[in-house]
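**Q** If you scroll down you'll find the structure; I have some questions about it.
Coordinate-derived values only; no laboratory data. As the structure is a prediction and not an experimental result, all values here were calculated from the model. Please note: Cβ atoms are built from the backbone with ideal geometry, for glycine as well, and neighbour counts cover all protein chains shown.
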Amino acid sequence: MSENVNLYKDGGVNVNFIGSASNGEDHIVRKIFYFLRAIFLLLREFFKSNVDVVHIHSALKGSLSRKIVFSFICLILRIPYIFHVHNGRFFERYLSENSVRRFFIRRALSGAKRVVVLSQHMRNIAIDSGTVRSDQCALVFNGIADPLSESPPRIRTLNDTTKLVFMGLISVEKGIPVLLDAVEFLTNQGEILDVCLYGEKDLDLEGEVASRNLGKSVTFGGWIGGDDKQFAFEHADIFVLPSRSEGFSVALLEAMAYGLPIVSTSIPGVVDAIRNGVDGLLVPADNASALAHAIRKLTRNSSLRARFGNAARHRYLNNFSVHKMIREVSLIYFDVLNVG
């Protein structure tokens, strides 16, 4: 959000970004400090008459609890606000909460001028469950800046080894154990793969990779950004995202922007971005056999990889650019304020 401030300004919207949480595994005292600091900054801007609308971004757990507080502050001060949901299972999780927590979540959502969601599935659940009114719920896909705006896509060369890249949390929810099953199946069939998993670890799988003799096929690259991330995307042949659930994956958009063919799961959020058989291949979640067959189909067909990759990049440019996202969000701001 903070890196897009100037782009909003170009569209006539002055944005003041206020973070409510510190990065990393900070001490609880530091986390409380950042939260209280965010409240102070919001109140300061309000009393300086600098606030027309507050845009609240929320996921689950601690993020949601903090954002409920901000919602109630806006309600008390009568500041119009937008509640932007960034977790694909937000509304399913809401329905399973206890009655007290559901009350506070519902009040935060009902008081919002708009509730912004990331996928058509999220919008359907929000409206069908009666959690959000249809006229209140807005669908805005994530958008990212074009990483190739100053340079063309790298021409990928043919190698004996096909390089697959995953970026995200190394976790069960992201389908990493299923991916390892698929890789084991393929290597046992004689496929030569180079699978690199980038991201922070929720699971410690190095021992399992070694015990299954996958050490030559699977490596863990840790969290990367900047030039390292660019290098990883530019030297990959396939992007794989075997998730059980997604809101709207930014890593998926990055892979599309770099012109990579996609192998992923046919889950909400992903199906809004990837057209099966056009931009990549989609398989059922938690199905290692189907995932393996999709990977093998692309590893054995370089022309199909090139066709899917080109289609994915063009789909990104037409639908998921940061400029498109900012235009749509800015229109929501103006609509909420009845301006223009």
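**Q** Tell me whether the range 137-237 comes out rounded, prolate or oblate; compute the Cα gyration tensor, take square roots of the eigenvalues as a ≥ b ≥ c, and use a/c under 1.5 as the rounded threshold.
**A** Oblate, because a/c is 1.5 or more while a/b does not exceed b/c.
**Q** Still on this model: Based on Cβ point charges of +1 for Lys and Arg and -1 for Asp and Glu, what charge dipole magnitude is obtained for the range 16-158 about its Cα centre, in debye rounded to the nearest 20? Can you show the working numbers first?
**A** Values: 21 positive and 10 negative charges, 78 e Å.
My answer is approximately 380 debye.
**Q** Only counting other Cβ atoms within 10 Å, I'd like Y8, Y333 sorted with the fewest neighbours first. All intermediate terms of the calculation are to be shown ahead of the outcome.
**A** Values: Y8 17, Y333 22.
Ascending Cβ contact count within 10 Å gives the list Y8, Y333.
**Q** Is the shape of the chain rounded, prolate or oblate, going by the alpha carbon gyration tensor and its root eigenvalues a ≥ b ≥ c, with a/c under 1.5 for rounded and a/b larger than b/c for prolate? Show your work: numbers first, answer last.
**A** On the way: a/c = 1.98, a/b = 1.73, b/c = 1.14.
Prolate, since a/c reaches 1.5 and a/b exceeds b/c.
**Q** Let me check against my output: what whole-number percent is the relative contact order of the chain, with C-alpha pairs under 8 Å and at least 6 apart?
**A** Values: 544 pairs, mean separation 55.2, N = 340.
Answer for the chain is 16 percent.
**Q** Same structure again: Mind giving me the nanometre distance, one decimal, between the label points for S49 and E200, set 7 Å out from Cα along Cα→Cβ?
**A** About 4.2 nm, to one decimal.
**Q** In addition: Residue farthest toward the positive end of the dipole of the chain, with Cβ of Lys/Arg at +1 and Asp/Glu at -1: which of L95, A251, I274?
**A** It is L95, whose Cα lies furthest towards the positive end.
**Q** By how many degrees, 0 to 90 and rounded to 10, does the Cα axis of helix 28-47 deviate from the longest principal axis of the chain?
**A** It works out to around 50 degrees.
**Q** Please report Rg over Rh for the range 280-340, where both radii come from the alpha carbon positions and Rh follows the Kirkwood definition.
**A** 1.28
**Q** Please compute the modelled spin-label separation between F72 and F40, points set 7 Å along Cα→Cβ, answer in nm with one decimal.
**A** It is 2.1 nm.
**Q** Then there is this: Evaluate the distance, in nm, between pseudo-label points positioned 7 Å from the Cα of S63 and of Q120 along their respective Cα→Cβ axes.
**A** That separation, rounded to one decimal, is 2.4 nm.
**Q** Given 0.36 nm per residue, what is the gain on full extension from S289 to D146 after removing their alpha carbon distance, in nm?
**A** 48.1 nm
**Q** Stretch I18-I192 to full length: gain in nm at 0.36 nm per residue minus the Cα-Cα span?
**A** 57.9 nm
**Q** Here is a further query. Going by a ≥ b ≥ c, the root eigenvalues of the Cα gyration tensor, does the range 244-329 fall in the rounded group (a/c under 1.5), the prolate group (a/b larger than b/c) or the oblate group?
**A** oblate
**Q** Can you give me the orientation-averaged projected area of the convex hull built on the Cα atoms of the range 162-319, in nm²?
**A** Numbers: hull surface 32.1 nm².
For the Cα atoms of the range 162-319, the hull's average projected area reads 8.0 nm².
**Q** Please report, in debye to the nearest 20, how large the charge dipole of the range 245-340 is about its Cα centre when each Lys and Arg carries +1 at its beta carbon and each Asp and Glu carries -1 there.
**A** 580 debye
**Q** Okay, next question. Please list, ordered by chain and number, the residues whose modelled amide H lies under 5 Å from the amide H of H84; skip anything fewer than 5 residues away on the same chain.
**A** The list, which skips near neighbours in sequence, is I56, H57, S58, V116.
**Q** Related question: Taking 0.36 nm per intervening residue step and subtracting the Cα-Cα distance, what contour gain separates H27 from L95 on full extension?
**A** Residue separation times 0.36 nm, minus the Cα-Cα distance, leaves 21.4 nm.
**Q** Mean separation of Cα pairs under 8 Å and 6+ residues apart, divided by the residue count of the range 162-319: what relative contact order is that in percent?
**A** RCO, the range 162-319: 25 percent.
**Q** Oh, and also: So which lysines pass the test for K297, namely a Cα distance under 17 Å, with those fewer than 8 places away in the same chain ruled out?
**A** K163
**Q** Tell me which lysines have Cα within less than 19 Å of K113's Cα, excluding those fewer than 8 residues away on the same chain?
**A** Answer for K113, where 19 Å is the Cα cut-off: K67, listed by chain and number.
**Q** Using Cα atoms only, what is the angle between the long axis of helix 288-299 and the major principal axis of the chain, expressed in degrees (0 to 90) to the nearest 10?
**A** 70 degrees
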